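Colleague: Provided herewith is a single structure, encoded as structure tokens, for subsequent inquiry.
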Amino acid sequence: MEKKKIVLTGGGTAGHIYPALAVAEKLKDFEIYYIGGKGMEKDVLKKYPNIKYFEIPTVKLERKFTLKNLLIPFKLLNSIKKTKKILKEINPNVIFSKGGFVSVPVAIASKKLGVPIISHESDLSLGLANKIILRYCKYMCVTFKETQEKNKKFIYTGQPIREKIFHGKRQNFGFENRPTILVLGGSLGAKFLNDTIQNHLDDLSEKYNILHITGKNNFVEIKHKNYKNFAYAENIEDLYASCDIAVARAGSGVINELLALEKPMLLIPLSKKCSRGDQIENAKLFTKNGYAQMIEEDDFNYDEFIKKINKLIKNSEKIKKNMKKTAKNDAVLRICEILRKNMRQ
């Protein structure tokens, strides 16, 4: 019997790529293809020989005024044309979009060719790309129950998480017997978090062990007692297993992984000066639900930072019990079921 075919799309950051790959893990009876740009997704997919990769030109809207935005309609038409050619060659039964601007031409091309597309939004509110994709997709799976009621196309599934995340092995790193904090700023790193940790390293390492993922562009190896830094963690599951609490931005992918693993977290979301405010929304919801503490970057104070870390450590068992009440993450299975039900024959 001929295998069904699925196209995955999404790119730019790990938050767009790895959830799509989490879904792919459960679709072993499909031929799997990936349409992306020349960004991070292209490098990541090199490690998945079972998934054939197609590159298309990416079209991104700059949030500030720039003449580059005037070229978007022409670039988008070119990208849609190339995507249609790829989709005709593959002839997929269904498409799964994880968002990001590389997904927009895929969504438009799929609609023109009559290929069903199911998308997923990680954050509490839709990003610009998914606002556009919503017009073209059959359903939009959402991570948060609070999002579901806002549109009849929304289906609450939760956040898809890779199976490997649940199988980390705790490591010692030569640390002393004290609380271990994992600091991570998303797949591209976060300079504000990096500077905060490294500028106060003498003080922090007197009280805690620090595991610090800086991002590849910000990495300089630092040798310091009770401190270990990494440019990027292929074995993120082991770092999760090795920490007691986490300090992080508030991208939905990371915070939902931490929630699934019952790791209390201090969230310092990306400020509205350089984002649409989605991370602030995520952080406020997680704080309201008792999973996290938060400090807005614009209001950051180091003394408050230490107070909140100590509060998380002191109340960690209570927070973990609260996290345990959250339903088991079965988002991948839910999404796969939706994909199978909405394939074209």
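Colleague: Report, to two decimal places, the Cα Rg of segment 183-254 normalised by 2.2 N^0.38 Å (N = number of residues).
Modeller: Values: Rg = 11.3 Å, N = 72, 2.2 N^0.38 = 11.2 Å.
The value comes to 1.01.
Colleague: Now a separate question. Between Asn91 and Gln345, with labels modelled 7 Å along Cα→Cβ, what's the label distance in nm to one decimal, could you check?
Modeller: Once both label points are built, they end up 1.6 nm from each other.
Colleague: Taking the Cα atoms of segment 200-294, what is the range of coordinates along each of the three principal axes, in descending order and whole Å?
Modeller: 36, 29, 28
Colleague: Which of the peptides 240-250, 152-162, 10-20 is most tightly packed, and how do the rest follow, judged by the mean count of other Cβ atoms within 10 Å per residue?
Modeller: The peptides rank, most packed first, as 10-20, 240-250, 152-162.
Colleague: Ranking request for peptides 310-323, 115-128: highest mean number of other beta-carbon atoms within 10 Å first, then the rest in descending order.
Modeller: 115-128, 310-323
Colleague: For segment 35-48, take each phi angle, set θ = phi - 60°, evaluate the Karplus expression 6.51 cos²θ - 1.76 cosθ + 1.60, and give the result in whole Hz per residue in order, putting x for glycine and proline.
Modeller: 10, x, x, 9, x, 4, 4, 5, 5, 4, 5, 4, 8, 10
Colleague: On to the next question. Cα centroid distance between segment 248-309 and segment 312-345, in Å?
Modeller: 19 Å
Colleague: Across every pair of different alpha-carbon atoms, what Kirkwood hydrodynamic radius in Å does the chain reach?
Modeller: Radius from the Kirkwood sum: 20.9 Å.
Colleague: Separate question: Give the long-range amide H neighbours of Asn209: residues separated by 5 or more places, or on another chain, with amide H under 5 Å away, using H modelled in the peptide plane at 1.01 Å from N.
Modeller: The answer is Thr180, Ile181.
Colleague: Throw me the Rg/Rh for segment 105-239, computed over C-alpha atoms with Kirkwood Rh, two decimals.
Modeller: Here Rg/Rh amounts to 1.13.
Colleague: Can you tell me the relative contact order of the chain? Whole percent, Cα pairs under 8 Å, sequence separation 6 or more. Working shown, then result.
Modeller: On the way: 670 pairs, mean separation 52.6, N = 345.
Worked out over the chain, it gives 15 percent.
Colleague: Please name whichever of Gly277, Phe300, Ala246 sits farthest to the positive end of the charge dipole of segment 238-300, dipole taken about the Cα centre and charges placed at Cβ: Lys and Arg +1, Asp and Glu -1.
Modeller: Final value for the positive-end residue is Gly277.
Colleague: Going through the cross-link list Lys42/Lys81; Lys145/Lys318; Lys152/Lys191; Lys3/Lys47, which pairs have a Cα-Cα distance over 27 Å in this structure?
Modeller: Cα-Cα > 27 Å for Lys152/Lys191; rest within.
Colleague: Around Gln171, which amide H atoms from residues at least 5 apart in sequence, or from another chain, sit under 5 Å from its own amide H, with H modelled in the peptide plane?
Modeller: Under 5 Å from the amide H of Gln171 lie the amide H atoms of Ser242, each far enough along the sequence or on another chain.
Colleague: On a full-extension model of 0.36 nm per residue, what is the gain between Lys145 and Asn289, subtracting their alpha-carbon distance, rounded to one decimal in nm?
Modeller: 50.6 nm
Colleague: For segment 222-345, just say rounded, prolate or oblate: build the C-alpha gyration tensor, square-root its eigenvalues into a ≥ b ≥ c, call rounded for a/c under 1.5, and beyond that prolate if a/b exceeds b/c, oblate if not.
Modeller: Prolate, because a/c is 1.5 or more and a/b exceeds b/c.
Colleague: What is the extension gain from Arg170 to Asp303, computed as 0.36 nm multiplied by their sequence separation minus the C-alpha to C-alpha distance, in nm to one decimal?
Modeller: Answer, rounded to one decimal: 44.9 nm.
Colleague: Hey, another quick one. If the viscosity is 0.890 mPa s and the temperature 25 °C, what translational diffusion coefficient in µm²/s does Stokes-Einstein give for segment 112-184 when Rh comes from Kirkwood over Cα pairs?
Modeller: Once the numbers are plugged in, D ends up at 161 µm²/s.
All of the numbers you see were taken from the coordinates with simple rules; none came from a lab. Fair warning: this is a prediction, and the values are worked out from it, not measured in the lab. All Cβ positions, even for glycine, are placed from backbone atoms using ideal geometry, and neighbour counts span all protein chains on display.
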